[in-house]
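A short worksheet on the structure shown next.
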Amino acid sequence: MSDCIFCKIAKGDIPADKIYEDDELLAFKDIRPAAPVHFLIIPKRHIDSLLTTTKEDEALLGKMLGLTSVLARQQGLAAGYKTAINTGHAGGQEVFHLHLHVLGTPAQ
Ligand code: AMP
Ligand code: ZN
């Protein structure tokens, strides 16, 4: 998807404050944080939203969820955090490249 902002971030064409990267996933800080810690986990491969995932994406989706606690701990959220995946216009999705929000406040 040449006009997709998160594909551009995944390719390195647009800068982002990256906190994790492997061959399939990328995590970076949200540009308009809604909490003291707010980062996004995305698949590097373009997927519009949860509305378009298939059975073949199950391992990737599991990997995204599994990564939340590892990165949350690294970001100071060992005590807990919120996750969200806004899905479709009716679900409040603004960027149509699948992304998982992780939000929280580091413990004092
Ligand atoms: P939503 O699609 O509603 O789940 O949210 C999209 C999220 O992407 C918002 O929280 C934005 O602040 C965030 N966002 C949009 N553009 C960028 C960007 N270039 N870098 C980091 N986060 C972004
Ligand atoms: Zn994309």
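Miscellaneous remarks
- Qualifying residues in the range 1-22 (those that are closer than 16 Å to residue 102 by Cβ and outside any strand (DSSP E or B)) - the one least open to solvent (accessible area, probe 1.4 Å): 6
- Candidates 16, 10, 34, 79: the one that is in contact with a helix residue (DSSP H, G or I) (Cβ under 9 Å, 6 or more places away or on another chain) and of a type in the set (Gly, Ala, Ser) is 16.
- Applying a threshold of 8 Å to beta carbon distances and a minimum spacing of six or more residues, or different chains, the list of pairs starting in the range 1-19 at a residue that is free of Cβ contacts under 8 Å to residues at least 24 places away in the same chain and near ligand 1 (Cβ under 10 Å from one of its atoms) and ending at one that is of a type in the set (A, V, I, L, M) and part of a helix (DSSP H, G or I) reads 14/5; 15/9; 16/9.
- One residue from 34, 79 being surrounded by fewer than 16 Cβ atoms within 10 Å (Cβ to Cβ), assigned to a loop (DSSP other than H, G, I, E, B) and within 15 Å of ligand 1 (Cβ to nearest atom): 34
- Residue within the range 83-103 that is assigned to a helix (DSSP H, G or I), away from ligand 1 (no atom under 16 Å from the Cβ) and open to solvent by less than 50 Å² (accessible area, probe 1.4 Å) present: no
- Residues considered: 9, 19, 41. Of these, the only one that is among the aliphatic types (A, V, I, L, M), more than 15 Å from residue 84 (Cα to Cα), more than 13 Å from ligand 2 (Cβ to nearest atom) and in contact with a strand residue (DSSP E or B) (Cβ under 9 Å, 6 or more places away or on another chain) is 19.
The values are calculated or read from the model by the stated rules, or taken from the named source; none is laboratory data. Keep in mind that what you see is a predicted model, and the values were worked out from it rather than measured. No Cβ is skipped: glycine too gets one built from the backbone with ideal geometry, and neighbour counts run over all protein chains shown. Side chains included, ligands, DNA and RNA excluded: accessible areas come from the protein's heavy atoms. Shrake-Rupley method; radii C 1.70, N 1.55, O 1.52, S 1.80 Å.
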